[in-house]
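The structure under discussion appears below in the form of structure tokens.
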Amino acid sequence: MNRPAPTRAALPPALLRALEAALDVKALAPAVLQVTEIAGYTDWVLILSGRSDRHVRGITEAIVDALRSQGRRPLGTDGLDEHLWDLLDFDDFIVHVFYHPVRVYYDLESMWSDAPRVELGLPEEVMDVSGLGHLPPPDVMPGYRGAEFGAFDDELGPDDEDEGPMDYGDEDDFVDDEDFADDEGFADDEDYGDEDFVDEDLGDDEEAADEGADEPPAPGRPRRKTS
């Protein structure tokens, strides 16, 4: 017997706040999957699309700022040097913010097709991605995100022992306000006209991507949750 799909009311408050913050800056096609019984290293996954690397960066900053006000900081991040696939690890949930063509390429939702999908009840215009088909893929796809975030105990050598969660002090370099200085006001409607959504330099930095990204690699090794 199939269990009913979870609803927004079942989401942890911090995850719900992350979703709301992303929607406030026009993130598209959000999907929330409950992966507790599938992944083993987190309970929820939030997947979002942006129209450009700049838009992805704005979504990421909005989420981090919103959760910082609740006393939550990521335990780990990945991809913030490119903003083609930003990953934020909040332990009980993980956020993936994609430049949309990269989301289509990696298709994480198919990888977790057995995971219950939360019924978000959002407007059709938020979920509609038919207008994103014209977006060009980056010249080089980014490498798979998050594979280094954890390991099973017996996988670590003496020099690789887990030192615990990363300590993000007041000087968060991964979300430094100076990094977003040139995009001040990114949440304004007028900043998201069609002419702004595709950056001319998308994919120019080929050195930032893994050479082995021609085919989607297998998911990274899981992290064992600790009590």
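Kindly indicate whether any position in segment 159-166 is at pLDDT 95 or above and part of a loop (DSSP other than H, G, I, E, B). Quick ask: steps written out before the conclusion?
Within segment 159-166, the subset at pLDDT 95 or above is none.
No, that holds for no residue.
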Flag if LEU67 is on the phi < 0 side of the Ramachandran plot, assigned to a strand (DSSP E or B) and surrounded by fewer than 22 Cβ atoms within 10 Å (Cβ to Cβ): no
Every listed condition ((1) crowded, with 16+ Cβ neighbours inside 10 Å; (2) in contact with a helix residue (DSSP H, G or I) (Cβ under 9 Å, 6 or more places away or on another chain)) holds for THR42 save (2)
Which of the residues spanning segment 46-63 are hydrophobic (A, V, I, L, M, F, W, C) and either modelled with pLDDT under 95 or buried (at least 22 other Cβ atoms within 10 Å of the Cβ) (or both)? LEU46, LEU48, VAL56, ILE59, ALA62, ILE63
Is it the case that GLY143 is within 24 Å of ASP53 (Cβ to Cβ), surrounded by fewer than 13 Cβ atoms within 10 Å (Cβ to Cβ) and modelled with pLDDT of 90 or more? no
Cβ pairs under 6 Å, 6+ apart or interchain, first in segment 7-30 and modelled with pLDDT of 95 or more and among the charged types (D, E, K, R), second surrounded by 17 or more Cβ atoms within 10 Å (Cβ to Cβ) and not in a loop (DSSP other than H, G, I, E, B), ordered by first then second residue, are ARG17/ALA66; LYS26/TYR192
Could you count how many residues in segment 75-90 are in contact with a helix residue (DSSP H, G or I) (Cβ under 7 Å, 6 or more places away or on another chain) and either free of Cβ contacts under 8 Å to residues at least 12 places away in the same chain or not acidic (Asp, Glu) (or both)? 7
Set VAL64, VAL56, VAL104: member being more than 14 Å from GLY146 (Cβ to Cβ), in contact with a Lys or Arg (Cβ under 9 Å, 6 or more places away or on another chain) and among the hydrophobic types (A, V, I, L, M, F, W, C): VAL64
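Among the candidates ARG17, ARG103, which residue alone is in a helix (DSSP H, G or I), of a type in the set (Lys, Arg) and more than 25 Å from VAL140 (Cβ to Cβ)? It would help to see each step written out before you state the result.
Details: ARG103 fails: more than 25 Å from VAL140 (Cβ to Cβ).
It is ARG17.
The values are calculated or read from the model by the stated rules, or taken from the named source; none is laboratory data. Note that the structure is a prediction, hence the values are computed from the model and not measured. For neighbour counting, all protein chains shown are included, and Cβ atoms are generated from backbone atoms with ideal geometry for every residue, glycine included.
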